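Bear in mind that the values in this text are calculations on the coordinates, not laboratory data. It should be emphasised that the depicted structure is a prediction, and the values quoted were computed from it without experimental measurement. Backbone-built Cβ (ideal geometry, glycine too); neighbour counts: all protein chains shown.
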Amino acid sequence: MNFSRDNTNIWAPWRMEYIETIDTGETDCFLCDYIATPERDEENLLLWRGKTTYCLLNRFPYTGGHCLIAPYDHLGDLPDFAPEVISEMMAMTQDLEQSLRVAIGAEGFNIGINLGRCAGAGLPGHLHTHIVPRWSGDTNFMSTLGDARVVPEFLLTTRRKILAAAATLDLSTFPGA
């Protein structure tokens with residue numbers, strides 16, 4: 001079997017939106033825009049808001065259910081935040097992890113913060129945590145050979161599942177619990 005890139009085209013045109021919106025210094029911060037527009041929470045894929053932080057689905061996910069947790073403050077380094085903000089980020093991470101286990105059957109997670117562009121931060125000025133659900137055997141040839149990812153469900157469908165799961169759990173940051 002020949003896996004030469006010359007013989008295979010894998011199209012992911014939705015990625016161009018991400019590529020074109022990488023921080024160019026000409027646009028506002030999308031995380032700050034989302035904070036300022038609660039009436040657009042569903043469109044912006046927000047899940048819920050806490051006192052100092054909020055969580056949302058990543059519009060350009062690595063896997064289904066890939067979420068972000070961000071503070072309201074537009075700051076880029078951990079020492080810039082008050083302890084209560086960092087504490088709420090961790091509490092929201094716990095709540096989101098539980099919700100993702102119930103909603104989409106996630107078996108494990110990669111959870112991390114990229115500090116600085118050289119560390120992979122696509123938005124280095126606004127700190128945020130990534131929560132990437134994982135399943136046994138979820139690596140496949142698409143990422144390895146095709147440099148593409150397969151996300152099998154519409155983001156709004158995943159959002160509805162996470163919100164429904166969160167409503168059934170005893171979570172500290174979910175407003176409906």
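Worth pointing out:
- Ranked list, fewest to most other Cβ atoms within 10 Å of each Cβ, for 168, 173: 168, 173
- For the range 40-168, size of Cβ-based charge dipole, Lys and Arg +1, Asp and Glu -1, in debye: 300 debye
- For residue 48, nonlocal amide neighbours, meaning residues 5 or more places apart or on other chains whose placed amide H falls under 5 Å from its own, are 55.
- Take every Cα pair under 8 Å whose residues are at least 6 apart in sequence, average their separation, divide by the length of the range 40-168, and the relative contact order is 31 percent.
- Local electrostatic count, residue 48, Cβ distance below 11 Å [Lys/Arg +1, Asp/Glu -1]: 0
- Derived scalar couplings between HN and Hα for the range 58-63 equal 6, 5, 10, x, 7, 9 Hz in order, rounded to whole Hz, by the Karplus curve 6.51 cos²θ - 1.76 cosθ + 1.60 (θ = phi - 60°), x for Gly and Pro.
- Distance histogram in 10 Å bins (all Cα pairs of the range 40-168, percent per bin): 12, 43, 34, 10, 0
- Residue order, fewest to most surrounding Cβ atoms within 10 angstrom, among 33, 41, 95: 33, 41, 95
- For 48, 135, order by how many other beta-carbon atoms lie within 10 Å, fewest first: 135, 48
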